[in-house]
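What follows is one structure encoded as structure tokens, with my remarks underneath.
The values are calculated or read from the model by the stated rules, or taken from the named source; none is laboratory data. Predicted, not measured: the structure shown is a model, and the values here were computed from it. With ideal geometry, Cβ positions are generated from the backbone for all residues, glycine too; neighbour counts draw on all protein chains shown. In case anyone asks, the SASA skips ligands and DNA or RNA and just uses the protein heavy atoms, side chains included. Shrake-Rupley method; radii C 1.70, N 1.55, O 1.52, S 1.80 Å.
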Amino acid sequence: MLRYWTAGESHGPALVALVDGFPAGLAVDHDALNAELQRRQGGYGRGGRQRIETDTVTFLSGLWRGVTMGSPLALEVINRDAKLERLEEVDRPRPGHVDLAGAVKHLGGVRAVLERASARETAARVAAGGLARQLLGVFGIEVAGWVTELGGIVLGDRSGSLAELRAVRDQSSIYSLHPERDGEVETLIDRVGKEGDTLGGVVEVRVDNLPIGLGTHAQWDRKLDGLLAQSVMAVQAIKGVEIGMGFDAARRRGSEVHDPIGYDATAADGPALGFTRPTNNAGGLEGGTTNGQPLVVRAAMKPISTLRKPLASVNLRSKQAEDAAYERSDVCAVSACSVIVESVVAFTVAAALVDKFGGDSIEEMKARWRLYHDLAAAR
Ligand code: EPS
């Protein structure tokens, strides 16, 4: 079983990801991990904190001569803005954050909950997800994500290979597939920022070259759609998750939604074993199981809850009406969110891969992958 946890506070000494059940035999590409961390720090609309941090991963355990050993991996990302001991308590909970509910729940203050709830924690998820991407890469499985909507501006999709789409996205200051519209979006972010407000958006992640058969229909808590929804919904500020056609499927007839099945013998060696689908409204999953088509997951991110022009709140000590607290924040982190959703999707898919092909070593996984492919193709 491949799984991970994170630890660390936004302004504590470091964030840590503990990755357990990762197979032995992967030569880790540190530059690739750090590149994802850097992408997470970017995107137009980020706040002052990102000028302080320069996120990189240090391995505290689990590697020998740069190769995974099959033991737990502890990954550390240092906080340069480590000042937790000097920070004051917060008395005016910020609507949209866990401030109020967390302080009441723990019979304590807001600082303790906001430090852990902060989206700074996603640096650790991106580090863990980066390892998962490298495991997927061994099997030719690729993951990429982008912004499809920001602050109500619909940017949309584009067709092409993931390598092509990644190249386009990397030209965009907001990580969309339409860099020609960056100016329009930047103007909106600037205007909203000046007004002391924030923006949300929609991100999309696609996973290509998946084999048929990751996940299962057989038990609810192992269905891959359910596992993906859980991991994506558990990213800070996510309020909705869609797979494939998502909510739009509810408004259409079955004949417009379900993807017909065809067969092309020349593609029998590919991940879909030659089975073709002219459309992919299912987003690569049927009955909680991958069907050989690209996996498509979308997530809706609400606008950041920390507002420079604060909303009404209540002082927890006096119970008097006061404006919510404000500390430095971002105007928009939808671009960063696309990297984070990519990372959590990659991890969830990698865990399903380990479930199917075994998690002790890359070598055994490869052998079992080949055996499964041969058995499935010979049916
Ligand atoms: C965040 C508040 C801001 C963001 C932070 C998430 O932090 P600070 O209060 O230090 O300015 O910058 O995100 C990150 C630090 C990051 O690396 O993503 C929050 O309240 O969630």
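Let me know the Rg and Dmax you get for the stretch 274-379 when you use only its Cα atoms, in Å.
Expressed in Å, the Cα Rg and Dmax of the stretch 274-379 come to 23.1, 73.
What is the calculated FRET efficiency for His30 to Val257, with r their C-beta to C-beta distance and R₀ = 45 Å, to the nearest 0.05?
E(calc), rounded to 0.05, equals 0.55.
Can you find, among Ala300, Pro271, Thr290, the residue farthest towards the positive end of the dipole of the stretch 245-313? Put +1 on the C-beta of Lys and Arg, -1 on that of Asp and Glu.
It is Ala300, whose Cα lies furthest towards the positive end.
Using 1/(1 + (r/R0)^6) with R0 = 45 angstrom and r between the beta carbons of Asp264 and Ala82, what's the FRET efficiency to the nearest 0.05?
0.20
For Ala167 and Thr54, calculate 0.36 nm times their separation in residues minus their Cα-Cα distance, and state this gained length in nm to one decimal.
Separation in residues times 0.36 nm, less the Cα-Cα distance, equals 38.3 nm.
So if I average 1/r over every pair of distinct C-alpha atoms in the stretch 1-72 and take the inverse, what Kirkwood radius in Å does that give?
Roughly 14.0 Å, rounded to one decimal.
Per residue, how much accessible surface does the chain expose to a 1.4 Å probe? Answer in Å², no decimals.
Here the per-residue accessible area is 47 Å².
Are any of the pairs Lys194/Lys239; Lys239/Lys356; Lys223/Lys366; Lys105/Lys223; Lys105/Lys239; Lys302/Lys356 more than 28 Å apart by Cα-Cα distance, and if so, which?
Checking Cα-Cα distances, Lys239/Lys356; Lys105/Lys223; Lys302/Lys356 exceed 28 Å.
If Lys and Arg each add +1 and Asp and Glu each add -1, what is the summed charge of the other residues whose beta carbon sits under 11 Å from the beta carbon of Glu322?
+1
On the protein heavy atoms, probe 1.4 angstrom, tell me the percent of accessible surface of the chain carried by carbon and sulfur.
The value for the chain is 54 percent carbon and sulfur by accessible area.
How about the stretch 238-269: which trypsin sites (Lys or Arg not before Pro) there lie in a loop by DSSP and see at most 14 other Cβ atoms within 10 Å?
Those that pass, being in a loop and sparsely packed, are Arg252, Arg253.
In the stretch 82-126, which GluC sites (Glu not before Pro) fall in coil by DSSP and have 10 or fewer other Cβ atoms within 10 Å?
Taking the stretch 82-126 and a limit of 10 other Cβ atoms within 10 Å, the loop GluC sites (Glu not before Pro) found are Glu88.
Take the chain, drop everything but the C-alpha atoms, weight them equally and run the Debye formula without solvent; then report log10 I(q)/I(0) at 0.08, 0.09, 0.10, 0.12 Å⁻¹ to two decimals.
These q points yield log10 I(q)/I(0) values of -0.43, -0.55, -0.68, -0.96.
Can you pull out the GluC sites (Glu not before Pro) in the stretch 167-271 whose DSSP state is coil and whose Cβ has at most 13 other Cβ atoms within 10 Å?
Here the sparse-neighbourhood loop sites are Glu195.
Using a Förster radius of 30 Å, what is the FRET efficiency between Val138 and Thr276 based on their Cβ-Cβ separation? Nearest 0.05, please.
So the FRET efficiency works out to roughly 0.70.
Under a point spin-label approximation (7 Å from Cα along Cα-to-Cβ), what is the Asp20-Lys319 distance to one decimal in nm?
4.4
So what is the relative contact order of the chain, in percent, for Cα pairs below 8 Å that sit 6 or more residues apart?
Dividing the mean separation by the residue count of the chain yields 23 percent.
Once both labels are modelled 7 Å past Cα along the beta-carbon direction, what's the Glu184-Val154 spacing in nm?
The two pseudo-label positions are separated by 1.2 nm.
Considering only C-alpha atoms, what is the centroid distance from the stretch 168-229 to the stretch 91-156, in Å?
13
Within the stretch 357-379, list the residues whose amide N lies under 20 Å from a label point set 7 Å along Cα→Cβ of Ser71.
Answer for the stretch 357-379: 359-363.
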